[in-house]
Structure formats: C-alpha cells, structure tokens
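First the structure, in the form of structure tokens, and then the observations on it.
The values are calculated or read from the model by the stated rules, or taken from the named source; none is laboratory data. Keep in mind it's a predicted model, so treat the numbers as computed, not measured. Note: ideal-geometry Cβ built from the backbone for every residue, glycine included; neighbour counts use all protein chains shown.
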Amino acid sequence: MERLWKDYRFLTNEMVSFLEKQEMDMFYALLDQRERLQAMIDERQDNSYLDSAEGKAMAREIQTKDNVMRMVLRGEMSRMQQQRQMRHAYQNHMRLESGMRADHQG
C-alpha cells in the first residue's frame, strides 16, 4: 500500500505543477491516472499505511495540495465566467449599436 500512496502523492504533486503552468490537458490526464490509482487503493481496503505516522503525514500533504488545486480551479472557473459575461455584454452592446445605425436613415 505504501507504494500506491507514494505514487498517488507523486501524481498529486505533478498535477499541482501542471495546474500552476496552466497546462490543463496534462493536468486532466494526470487526474485520470490518479482516479485509477484511487480505485486500486479502494479495492485493497487496507488503511494500515495511512494509520502510520508517515502515512498520516502524507495524507495531510495530499489534502493540502488538493485544497490548493480546488482554490486554483475555482478561481479559474470564476475568471472564465467573468470573461464569458463580458463577451456576452459586448456582443449585446454591438448588436444594439448595429440596430441603432440601421434604424437611422439620415
């Protein structure tokens, strides 16, 4: 189990790295790998490593990095939503302007 958890930590660290670089394709590929690894860990139903001092420390480290990733992803989602709203407002404004010019016949 220790090896699986160390692999899980490695993938988590790599995910943080690619998220910081905004390389989302690689981030999601690593997320898929980590989910498959999580399924393998769950199948074993062996928490003995996590009960050790080393395992507890690793779990805290992983949880901290997961929280960082969540915050970054939430911020990114918020930024994307703001951009979409601004683009929509601009498009509506341009349609309104275009309509006003078409209505004005001189």
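If you scan region 1-31, which residues turn out to be in a helix (DSSP H, G or I), free of Cβ contacts under 8 Å to residues at least 24 places away in the same chain and not acidic (Asp, Glu)?
Start the filter on region 1-31 by keeping residues that are in a helix (DSSP H, G or I), which leaves 2-20, 24-31.
Pick out the ones that are also free of Cβ contacts under 8 Å to residues at least 24 places away in the same chain and you get 3, 10, 14, 17-18, 24-31.
Correct list: Arg3, Phe10, Ser17, Phe18, Met24, Met26, Phe27, Tyr28, Ala29, Leu30, Leu31.
To keep it simple, each residue is scored yes or no on (1) of a type in the set (Ser, Thr, Tyr); (2) modelled with pLDDT of 95 or more.
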site	(1), (2)
Leu31	no, yes
Ser78	yes, no
Gln83	no, no
His88	no, no
Q. So which of Lys56, Lys65 ends up being in contact with a Ser or Thr (Cβ under 6 Å, 6 or more places away or on another chain) and either charged (D, E, K, R) or under 14 Å from Trp5 (Cα atoms) (or both)?
A. Lys65
Q.
Report every pair of residues separated by at least 6 positions or lying on different chains whose Cβ atoms are under 8 Å apart, first residue within region 60-71 and in a helix (DSSP H, G or I) and surrounded by 14 or more Cβ atoms within 10 Å (Cβ to Cβ), second of a type outside the set (Phe, Trp, Tyr) and modelled with pLDDT under 95.
A. Met69/Leu19
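Only residues that are under 24 Å from the mean Cα position of the chain (by Cα) and surrounded by 10 or more Cβ atoms within 10 Å (Cβ to Cβ): list them for region 40-55, please. Explain how you work it out, then say what you get.
In the first step, residues of region 40-55 are kept if they are under 24 Å from the mean Cα position of the chain (by Cα); the result is 40-42.
Met40, Ile41, listed by residue number.
Within region 32-48, identify whether any single residue is assigned to a helix (DSSP H, G or I) and within 13 Å of Met69 (Cβ to Cβ), and answer yes or no. Let's see the steps before the verdict.
If we filter region 32-48 for residues that are assigned to a helix (DSSP H, G or I), which is where we start, we get 32-44, 48.
Subset that is within 13 Å of Met69 (Cβ to Cβ): 34.
The answer is yes, given that some residue of region 32-48 is assigned to a helix (DSSP H, G or I) and within 13 Å of Met69 (Cβ to Cβ).
If you scan region 1-27, which residues turn out to be among the aromatic types (Phe, Trp, Tyr) and under 12 Å from Met69 (Cβ atoms)? Walk me through how you get there before you give the answer.
Taking region 1-27 first, the residues among the aromatic types (Phe, Trp, Tyr) are 5, 8, 10, 18, 27.
Across region 1-27, the qualifying residues are Phe18, Phe27.
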Q) In this structure, does Glu61 turn out to be modelled with pLDDT under 90 and under 18 Å from the mean Cα position of the chain (by Cα)? A) no
